[in-house]
Structure formats: C-alpha cells, structure tokens
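What follows is a single structure, written as structure tokens, with notes after it.
Computed from the coordinates by the stated procedures, all read-outs in this text should not be read as laboratory data. The shown structure was predicted, so the numbers you read here are calculated from the model rather than taken from an experiment. Cβ sites come from the backbone with ideal geometry, for glycine too, and all protein chains shown count toward neighbours.
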Amino acid sequence: MDYQIGLLLLTVCWAGVDGQTLTQSEPVVKRPGESHRLTCTASGLDVRGYWLAWIRQAAGKGLEWVATITHGGIKYYGRSVGSRFTISRDDSNKQLFLQMSSLQAEDSAVYYCARVTVTEADEAAVQYPTVLGGSDKLTVGCLVHDFNPKSTFQWTDGNGNDLTSEQYPPAQRNNTYTGISLIKVSKRDWNLKKSFHCSVKHGESTKSTVVKSKYFILFFTVVLSSSNLKEIHDNNRAEYECVVSGRNDSVLRSTTIKWQIDGRATTDNIEQKNVANGKSSILTMTLTQYSQVSKVSCSALSEDMTSSTRELTVHNGDGSEPKVTVIKTDINQGSSAEVTLVCLVSSSVLQDYYIAWSEDDGQSSGEYQDGFTTTSQKTKNGFLVTSIYTTTREKWKTNMFHCNVWTPKFNVTKGTSFVLSCTDHDPEDEISSLWSTTSTFIFLFIFSLFYSMIFSLIKVKRLF
C-alpha cells in the first residue's frame with residue numbers, strides 16, 4: 001500500500017523571547033522513500049554561539065527530540081532518525097536546516113526548531129517552551145547534553161510539588177548522552193508567570209534550572225486595517241476594522257475588542273460582528289474627525305491573558321499646504337506616440353495623499369483617473385510623492401490635464417496643457433514651414449530665370 005507522509009512545519013517559541021519570530025518552510029506532502037529539506041529562519045534573534053535543535057510531534061503523541069547542532073558544528077541525532085537526517089546551520093543568514101532522506105510513515109509530524117540556552121558546558125540543563133496550536137497546554141522541555149553516566153530528571157513547581165514528566169531514552173554519541181524530559185502546563189499558569197524547576201541528577205551532583213515565562217501565549221491573532229485615502233475621499237468617511245481570529249472558540253467568545261484614538265478610549269460609532277473563525281469590530285469616523293487624528297489602535301482582551309494591541313499612524317501633516325508641480329517628458333514622434341506627465345508633491349513633513357488625474361477638453365473636466373503613485377520618499381528638505389500619468393499625443397494637444405492632490409485638510413489642483421514654443425515645435429507645422437520656404441525658393445529661381453531671358457532678348461533687339 002502506498003502511504004503519504006505530510007510534513008507540517010510550524011513555528012517554535014522560546015522562553016524569554018519577545019517580538020522575535022521564525023519563518024518556516026511551507027507544509028508539504030511526501031511519499032515514503034522521498035527526501036525533503038526543512039528550513040527555519042530567525043528574525044530578531046541571535047543564533048551565533050547557541051546550540052540549535054529540531055523537535056517533532058506526531059499526531060496524538062508527545063514531543064520527540066530529532067537533532068541538535070552545537071555552535072561549533074557538533075551534531076547529535078535521535079535514535080529514530082539515525083543516519084537518514086542531517087542537521088546543519090548558516091549563522092550568517094540565521095538559518096537552521098534539516099535534510100531528510102528515505103522518509104518513512106513515522107516521520108509524519110509537526111517539526112519545531114529551537115534555540116537552546118546552555119547553563120553549563122558539561123552538565124547543561126536547557127529549557128525551551130513550545131506552543132501546540134489549538135491546545136490549552138504548553139509543553140516545556142529540559143534538554144541535557146554531553147553527560148556520562150546517564151542522568152535522571154525531576155520536575156517541581158514553584159512550591160516544590162512534584163510534577164509528572166515524560167522522559168525519553170537518552171541518545172548516545174561518542175560515549176556521551178543527550179537526554180530530554182517534558183512536562184505539560186496550562187497556558188493560564190504560564191501566562192501568570194508561574195515558575196517550573198527542572199533538576200538533573202548527574203552522578204553525585206544535582207543541577208537545577210528554572211523555567212519561567214517572560215512572554216505570554218496568545219490564543220488569537222489581531223489584524224487592524226483601514227480605508228485607503230481614495231475610499232476616504234470618495235465616501236467622506238474613514239473606517240478602521242479590527243479582526244480577531246483563532247481556533248479556540250471559547251476564548252474568542254470571551255474576547256472583547258477595545259478602541260483608542262490618540263491614546264483615549266472611544267465607544268462611539270463602533271459596529272461589532274462575527275466573522276469566520278473570529279469576530280470583527282469596525283470604527284467609523286467623519287472626515288473632520290479623521291483630519292484631526294494621529295493614531296488609532298485596537299486591543300483584544302481575554303480573561304487571564306495580556307491584551308494584544310495593533311496600532312496605525314495617520315500622517316495628516318502640520319497644516320501647511322503641499323507644493324504641487326507638474327512636468328512632462330519629451331514627446332515622441334508619430335501620431336500614436338504617448339506623453340508622460342509627472343506630478344511632484346512635496347512637503348516639509350510626512351503626509352498621506354490621494355492623487356488623481358483629470359482631463360479637461362473644454363466641455364467637461366472628466367472623471368478622476370488613477371496614475372502610478374509612489375510611496376513617500378525622504379528628501380533633503382522634506383518628503384516627496386510622485387504620480388505618473390500617460391496619455392496620447394493627440395489628447396495632449398487639445399486637452400488640459402490636472403493633477404489633483406487631496407488630503408483631509410487640503411485639496412490642491414495643478415494643471416498643464418500643450419503650448420507651442422520656439423523649442424517645442426509640432427512636427428506637422430515644421431513640415432508646413434519647410435514647404436513654404438521651399439516654395440519661395442522655387443518661385444524666386446523661376447522668376448530670376450524668366451527675368452534673365454527677358455533681359456537677354458532686350459539686349460539682342462538693341463543690337464539690331
């Protein structure tokens with residue numbers, strides 16, 4: 001029978017890590033005998049000088065240590081993977097790899113990568129927490145490297161009470177052992193910063209380490225978004241939406257969403273609604289309110305958990321009107337050639353703009369049309385936003401073009417049109433002028449020739 005192996009890669013979290021993330025490989029499905037490479041990339045986390053490890057958990061089973069690589073490149077492997085897996089690292093790019101070959105059905109699991117913190121070189125008790133999605137439990141591990149003879153583990157809570165643990169058989173390499181022991185604690189206890197003690201008895205001595213939360217485990221994700229300036233301009237109002245989503249329905253039901261405008265709580269013009277796998281809260285502002293706002297934030301709160309807050313900044317400027325300049329590029333020859341117009345919007349401070357173009361043919365100003373608008377760029381004297389608009393040469397000759405710059409506080413319009421000058425000739429007029437000059441020369445040549453013939457006849461007549 002042909003089995004499929006699904007290798008689902010998730011992110012591991014560490015104790016003492018705040019605002020640090022990992023980017024993991026995408027979930028894949030492999031067949032027995034095939035190979036695959038896992039990649040884990042750290043962001044905001046230093047890996048130089050640290051041991052790194054891979055841990056996995058099969059469906060319905062506990063965590064299993066897979067492999068560890070020291071900062072010096074020494075590698076250790078669990079008995080289940082043997083020589084089929086190879087762990088490696090790239091400290092310059094903050095990456096950890098696991099090359100898997102000859103995959104088996106038993107390799108189907110969630111794979112975690114972790115940075116381990118060594119407390120002592122020879123008898124090191126190393127802790128790492130991992131978060132299992134959709135569960136109310138947190139798995140905390142105590143990892144010991146390079147010991148001989150075998151060590152035994154003992155877990156206690158902050159009051160000295162024994163805790164039930166799960167210990168895996170130690171792996172032997174070069175006459176030394178690597179062992180791991182796991183306990184499960186509630187996320188509520190973890191969020192309350194309760195401490196857990198791992199003691200390792202090594203020969204006649206005992207070493208201990210304390211695992212204590214320095215961060216909170218969240219049951220949900222929070223995303224804050226807002227209307228863009230085009231929507232605000234068209235609708236004369238601004239909307240902010242805060243969406244809280246997650247897999248734990250009981251937590252989501254008890255979660256509340258709170259809003260703040262410039263640090264002050266607000267409960268006005270807020271609509272709450274349920275969405276798939278979560279809930280949504282929408283804050284609506286009038287255009288006048290929006291023009292006076294600097295920051296908008298939403299917070300998701302649940303019992304026994306820290307709040308998760310997202311914030312957006314509004315760049316409404318300092319009240320000064322931006323400078324708007326419209327320039328055009330050179331006109332290519334030919335009736336189907338295009339003309340490119342460039343609108344430069346500058347200000348001394350960072351501002352958000354909605355920039356649209358319009359064409360005036362003398363009868364109507366036309367509808368707003370979007371050009372290609374860049375993000376704000378820092379300059380020597382302030383900030384610059386550029387919008388590029390392309391039209392046909394025929395329209396350029398007959399229409400007036402406007403660059404309309406809108407902010408909640410200002411509405412600035414700058415126009416430009418076709419002007420014929422000594423340095424900006426129309427090709428058809430150049431041809432007409434050339435023909436006129438040529439015709440004049442032809443006329444003068446014929447006239448001079450005819451005049452010479454008449455003059456010669458007169459001279460001949462006089463001779464006779």
In nanometres, what is the gap between the two model label sites at Ala58 and Lys75, each 7 Å from Cα along Cα-to-Cβ? 2.3
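Mind scanning Lys94/Lys207; Lys137/Lys201; Lys61/Lys187; Lys279/Lys378; Lys184/Lys295 and naming the pairs with a C-alpha gap bigger than 29 Å? Working shown, then result.
On the way: Lys94/Lys207 31 Å; Lys137/Lys201 27 Å; Lys61/Lys187 19 Å; Lys279/Lys378 38 Å; Lys184/Lys295 40 Å.
Pairs exceeding the cut-off: Lys94/Lys207; Lys279/Lys378; Lys184/Lys295.
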For Ser250 and Asn274, compute 0.36 nm times the residue count separating them, minus their Cα-Cα distance, and round to one decimal in nm. 7.3 nm
When the C-alpha atoms of the range 220-313 are aligned to their principal axes, what extent does each axis show, in angstrom, from largest down? 39, 26, 19
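For the range 220-313, what relative contact order do you get, as a whole percent, if you take Cα pairs closer than 8 Å and at least 6 residues apart?
Numbers: 180 pairs, mean separation 30.4, N = 94.
Reported as a whole number, the value is 32 percent.
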Ellipsoid semi-axes in whole angstrom, largest first, where each is sqrt(5λ) of the Cα gyration tensor of the range 61-107: 21, 12, 10
Sticking with the crude label model, points 7 Å out along Cα→Cβ, report the distance from Leu312 to Thr206 in nm, one decimal please. 5.6
Amide hydrogen neighbours beyond the local backbone of Leu103, cut-off 5 Å, H modeled: Gly33, Glu34
Put a dot 7 Å past each Cα toward the Cβ at Thr286 and Thr329; how far apart are the dots in nm? 4.5
